[in-house]
1. Going by how many other Cβ atoms sit within 10 Å of their own, how do 92, 63 line up, fewest first?
2. So between residue 98 and residue 21, what do we pick up on full extension, going 0.36 nm a residue minus the alpha carbon distance?
3. Counting only helical runs of four or more DSSP H residues, what would the 222 nm mean residue ellipticity of the chain come to if each run contributes -39,500 (n - 2.57) and the total is spread over all its residues?
4. Expressed as an acute angle from 0 to 90° and rounded to the nearest 10, what is the orientation of the C-alpha long axis of helix 91-107 relative to the principal long axis of the chain?
5. Please compute the length gained on full extension between residue 87 and residue 68, using 0.36 nm multiplied by the number of residues separating them and subtracting their Cα-Cα distance.
6. Rounded, prolate or oblate: pick one for segment 1-74, where a ≥ b ≥ c are the square roots of the eigenvalues of its C-alpha gyration tensor, a/c under 1.5 means rounded, and failing that, prolate if a/b is larger than b/c, else oblate.
7. What is the fewest-to-most order of 49, 85 by other Cβ atoms lying within 10 Å of their Cβ?
8. How would you rank 86, 21, 12, going from fewest to most other Cβ atoms within 10 Å of each one's own Cβ?
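No value in this document is a laboratory result; all are computed from the given coordinates. Quantities reported herein were computed from a predicted structural model and do not represent experimental measurements. Positions of Cβ are generated from backbone atoms using ideal geometry, with glycine treated the same way; all protein chains shown enter the neighbour counts.
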């Protein structure tokens, strides 16, 4: 599975805003440029694991969440991702997805 850097950047931005940090404040904490962080948040630049870990520690989010959207610290960690995906679908596709999920759940 290839990494989607625009999604990774979006998650970083959401986590930063949730901590009420500006780009400038976050950049000062880990000594990177605002331009670089801006490019990362927009998905135009890749971030290495060292910097990602530094940012995640400051923002108090897991690297796993930033990279995959999954945070197994919460029981309902995929609810938001499912909701975002469903909102992008037509009503017909939503019904198809519902029927597939219903069939899977009922098999148990």
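1. Lowest count first: 92, 63.
2. Working: separation 77, 0.36 × 77 = 27.72 nm, distance 3.81 nm.
Separation in residues times 0.36 nm, less the Cα-Cα distance, equals 23.9 nm.
3. -20000 deg cm²/dmol
4. Long axis of 91-107 versus the principal axis of the chain: about 70 degrees.
5. On the way: separation 19, 0.36 × 19 = 6.84 nm, distance 1.90 nm.
Computed gain between residue 87 and residue 68 is 4.9 nm.
6. oblate
7. Details: 49 10, 85 13.
Ranked by crowding around the Cβ, least crowded first: 49, 85.
8. Details: 86 12, 21 16, 12 22.
Ranking 86, 21, 12 by Cβ neighbours within 10 Å, fewest first, gives 86, 21, 12.
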